[in-house]
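The values are calculated or read from the model by the stated rules, or taken from the named source; none is laboratory data. All values derive from a computational prediction rather than experimental measurement. Positions of Cβ are generated from backbone atoms using ideal geometry, with glycine treated the same way; all protein chains shown enter the neighbour counts. The accessibility values were calculated without ligands, DNA or RNA, using every heavy atom of the protein model including side chains. Shrake-Rupley method; radii C 1.70, N 1.55, O 1.52, S 1.80 Å.
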Amino acid sequence: LIARKENLSMASMMGVWLLERIQDLLSILLWMGLGLTLGRVTAASDSSGTVMLARTRQAGWLALAAVVAATGLLALWRFRSASMSGWLDRKLRFLPHRWHRKISDTLQSFGEGLQSVEHTGKLVLTVGYSIFLWLLISGTYYIVCQSFGGNLARITFAGILLLVAIAMLGSTVQIPGVGGGVQAATFIALTAIFGISVELAASATILIWLLTFAAVSLVGIPLMILLLGFSVYGKA
């Protein structure tokens with residue numbers, strides 16, 4: 001829709017979309033890394049919660065390392081996209097022609113998306129927007145947990161960052177037409193890591209999902225209809 005409205009190529013828009021998805025993933029990894037390495041996250045009193053927290057803390061360091069490595073790779077690709085795309089294209093020629101063509105087109109689109117970032121200031125601005133967005137989401141999680149009181153209210157903000165990161169990673173696993181990845185990941189994190197009772201964790205999980213995912217539909221669906229109408233009839 002944006003490509004059609006702004007008279008841009010689909011390849012460039014796919015590149016921008018890929019770049020946005022990667023930036024989102026890096027933000028989640030950064031959130032997890034900060035929550036685990038810089039903040040004080042308290043696990044459940046039982047041994048299973050402590051063991052799981054220790055493993056996720058190790059994953060936090062790996063997440064920070066992945067963010068640094070991926071950022072460096074993106075910067076390198078930004079300035080040497082043609083040579084890097086060509087090198088990968090040559091290395092992947094052993095694949096069947098159909099798959100090789102698809103990967104080659106994706107790499108080209110991704111390179112065009114990176115080229116769309118013309119100024120460092122704009123890139124810094126988009127990163128700032130992303131951080132602000134995740135702060136709002138984390139704040140929603142924190143307020144919901146505080147509103148329940150009890151053990152949920154004892155989860156620190158660093159723990160909330162971990163909870164958000166696990167929930168967002170869970171969003172990558174969805175059952176078509178049903179969903180469930182976010183809810184399952186949030187529920188498992190609350191019960192297994194923070195030792196929240198099953199009933200309380202289920203209630204908090206549903207409320208968090210309603211506020212951070214379902215509520216978007218109230219504004220998003222009308223805007224989508226308006227944008228579709230403009231795209232179809234505005235060009236007529």
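Assigned to a helix (DSSP H, G or I), out of contact with any strand residue (DSSP E or B) (no Cβ under 8 Å at 6 or more places or on another chain) and modelled with pLDDT under 75 - does that describe any residue in region 122-144? The answer is yes, given that some residue of region 122-144 is assigned to a helix (DSSP H, G or I), out of contact with any strand residue (DSSP E or B) (no Cβ under 8 Å at 6 or more places or on another chain) and modelled with pLDDT under 75.
Checked against (1) under 30 Å from LEU210 (Cβ atoms); (2) at pLDDT 75 or above; (3) open to solvent by 40 Å² or more (accessible area, probe 1.4 Å); (4) not small (Gly, Ala, Ser), MET52 meets all criteria but (2).
Only one of the numbered conditions (1) more than 18 Å from SER138 (Cα to Cα); (2) more than 20 Å from the chain's Cα centre (by Cα); (3) at pLDDT 85 or above; (4) open to solvent by less than 90 Å² (accessible area, probe 1.4 Å) is not met by LEU227, and that is (3).
Going residue by residue through region 169-176, is there one that turns out to be under 21 Å from ASP24 (Cα atoms), in contact (Cβ under 8 Å) with a residue 24 or more places away in the chain and surrounded by 15 or more Cβ atoms within 10 Å (Cβ to Cβ)? Yes, the conditions are met somewhere in region 169-176. Scanning region 106-121 for residues that are assigned to a helix (DSSP H, G or I), surrounded by 11 or more Cβ atoms within 10 Å (Cβ to Cβ) and either among the polar types (S, T, N, Q) or modelled with pLDDT of 75 or more (or both) yields a total of 4. Number of residues in region 145-159 that are open to solvent by less than 40 Å² (accessible area, probe 1.4 Å), assigned to a helix (DSSP H, G or I) and in contact (Cβ under 8 Å) with a residue 24 or more places away in the chain equals 4.
Evaluation of PHE213 against the conditions (1) open to solvent by 80 Å² or more (accessible area, probe 1.4 Å); (2) closer than 20 Å to ILE131 by Cα; (3) at pLDDT below 85 shows that the sole unmet condition is (1). A count restricted to region 148-178 and to residues that are modelled with pLDDT of 80 or more and more than 18 Å from the chain's Cα centre (by Cα) stands at 10.
Just give me the residues in region 179-193 being under 16 Å from the mean Cα position of the chain (by Cα), of a type in the set (Val, Ile, Thr) and modelled with pLDDT of 85 or more, in sequence order. Of everything in region 179-193, just one residue is under 16 Å from the mean Cα position of the chain (by Cα), of a type in the set (Val, Ile, Thr) and modelled with pLDDT of 85 or more, namely THR186.
Taken over region 93-105, the criterion of being hydrophobic (A, V, I, L, M, F, W, C) and at pLDDT 75 or above is satisfied by PHE94, LEU95, TRP99.
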